[in-house]
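Computed from the coordinates by the stated procedures, all read-outs in this text should not be read as laboratory data. Since the model is a prediction, treat every value here as computed from it, not as a measurement. Note that each Cβ is placed from the backbone with ideal geometry, even for glycine, and that neighbours are counted across all protein chains shown.
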Amino acid sequence: MSMIVEVVRSGFVESTHQVRVLTVDAQGRPVETRGAVHVPISPRSSMKPLQALGMLRAGLDLEGELLALACGSHSGEPFHVDGVRKILAGAGLTEEALLCPEDYPFDRASTERGRVWMNCSGKHSAMLATCVLNDWPLSTYLEPAHPLQRAIRATVEEFTGERVAASGVDGCGAPLFFVSMLGVTRAFRAFAQSSEDSYERKILDAMRAHPEWTSGTDRAEARLMRALPGLMLKTGAEGFEAFVFEDGRAGTVKVEDGSGRARVPATVAALRSLGLDAPELAELAAPPVLGGGRPVGELRIR
């Protein structure tokens, strides 16, 4: 049976969201299984750490906050935009080379619009830098048959332990690979199980050290990682989340109707099923429902 997230307003259950959940302990044994976690799903941007891993294995030389940015879905804050431009400049490119769509940033303080503000531009700039290093074509770097995308697909299949069930196009234009929640959880555990000098550990350390570069200064993803040192977590569109703790405890969450508002409470519940909790998670576990600008209810797990 799926997890249920209820939206309670003024004492009445106004809406409900069904959520698939999979969590495993440090040895990889299932702790909580809710819903069909074995069927192919779309992890969306939760796959960015694996895409970045494929790029590092192909020669990309990024570290620290810029590597975290390549793994992230950023808010378009000034430091994110500067970071994207720095990655591009390091490869001798400008933002004109980006093939992600133009967009407004998530950061409401900015009203600028363009490809560099699009939340996936960190990943795209890293893809272009990888192509430059390998002398691969730049104008077709998003095509499934491109050497870059073939290398990324091979990495996804290796670390999920699954053949890609289907492929499509993500919101940013990059290839999207459909695999199961079991496979994504397995892949995320590999980051924590890796050796100190591995590419996987390099990504794990970068994302944990720079959570605001993977999302935004005040985003829930960054707040969760700051509250639980040792946690690597990546959100995807349509209500997906994947995470791993440094000792190998890991999990995935998928909101059936794609609602973003149900994702965070479900993720906190999944973390708590593994004994991962902190006082800072209380508000994220039950975010308020507002009426007239004041709390009149909350989201809760049933």
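State the answer as a single residue: which of A278, M181, H74 lies farthest towards the positive end of the charge dipole of the chain, with beta carbon charges of +1 for Lys and Arg and -1 for Asp and Glu, about the Cα centre.
M181
Out of the GluC sites (Glu not before Pro) in segment 194-269, which ones are loop residues according to DSSP with at most 15 other C-beta atoms within 10 Å?
E196
Ratio of segment 131-275's C-alpha Rg to 2.2 N^0.38 Å, to two decimals?
1.09
What size of dipole, in debye to the nearest 20, comes out for segment 1-146 about its Cα centre when the only charges are +1 on Lys and Arg C-beta atoms and -1 on Asp and Glu C-beta atoms?
Computed charge dipole of segment 1-146: roughly 420 debye.
Test of understanding: what is the full-extension gain from A165 to A109, defined as 0.36 nm times their sequence separation minus their Cα-Cα distance?
16.2 nm
Around G35, what is the net charge, scoring Lys/Arg as +1 and Asp/Glu as -1 over all other residues with Cβ under 9 Å from its Cβ?
Surrounding charge for G35 is +2.
Could you pull out which residues in segment 212-242 have an amide N less than 11 Å from a spot 7 Å beyond the Cα of A278, following the Cα-Cβ vector?
Of the residues in segment 212-242, 222-232 have backbone N under 11 Å from the label point off A278.
Please check: in the Gaussian network model of the chain (C-alpha springs, under 10 Å), which one of T252, T140, T267 has the largest mean-square fluctuation.
Highest fluctuation of the listed residues: T140.
Just going by the charge dipole of segment 1-151, with Lys and Arg at +1 and Asp and Glu at -1 on Cβ, which of H38, L56, V13 is farthest out on the positive end?
The residue sitting farthest along the positive end of the dipole is H38.
Consider a paramagnetic label point 7 Å from the Cα of E196 along Cα→Cβ; state which residues of segment 32-75 have an amide N under 19 Å from it.
Within reach of a label on E196, which here means backbone N under 19 Å from a point 7 Å along Cα→Cβ, segment 32-75 contributes 64.
Take the alpha-carbon centre of segment 11-25, take the same for segment 198-253, and report the distance between them in whole Å.
21
Charges at C-beta only: +1 for Lys and Arg, -1 for Asp and Glu. How large is the resulting dipole of the chain about its Cα centre, in Debye rounded to 20?
The calculated dipole for the chain is roughly 680 debye.
Calculate one ³J(HN,Hα) per residue across segment 216-222 by plugging θ = phi - 60° into the Karplus curve 6.51 cos²θ - 1.76 cosθ + 1.60, and present them in order as whole Hz with x for glycine and proline.
x, 4, 10, 6, 4, 4, 5
Compute the Kirkwood hydrodynamic radius of the chain, taking the inverse of the mean of 1/r over all pairs of distinct Cα atoms, and give it in Å to one decimal.
19.3
Write out the trypsin sites (Lys or Arg not before Pro) in segment 159-223 meeting two conditions: DSSP loop, and at most 16 other Cβ atoms within 10 Å of their Cβ.
R163
What FRET efficiency would be calculated for the residue pair E63, S15, taking the C-beta separation as r and a Förster radius of 35 Å, to the nearest 0.05?
0.25
Report, in deg cm²/dmol and to the nearest 500, the calculated mean residue ellipticity at 222 nm for the chain, where each DSSP H run with n ≥ 4 adds -39500 (n - 2.57) and the sum is divided by the residue count.
-11000 deg cm²/dmol
Explain nothing, just the number: relative contact order of the chain, from Cα pairs under 8 Å at least 6 residues apart, as a whole percent.
26
Using only the alpha-carbon atoms, how far is helix 147-160 inclined from the longest principal axis of the chain? Give it as 0 to 90 degrees, nearest 10.
That helix lies at roughly 40 degrees to the long axis.
What is the local net charge at R201, summed over the other residues whose Cβ is closer than 11 Å to its Cβ (Lys, Arg +1; Asp, Glu -1)?
Summing Lys/Arg as +1 and Asp/Glu as -1 gives -3.
Tell me, how many Å apart are the Cα centres for segment 149-179 and for segment 44-82?
17
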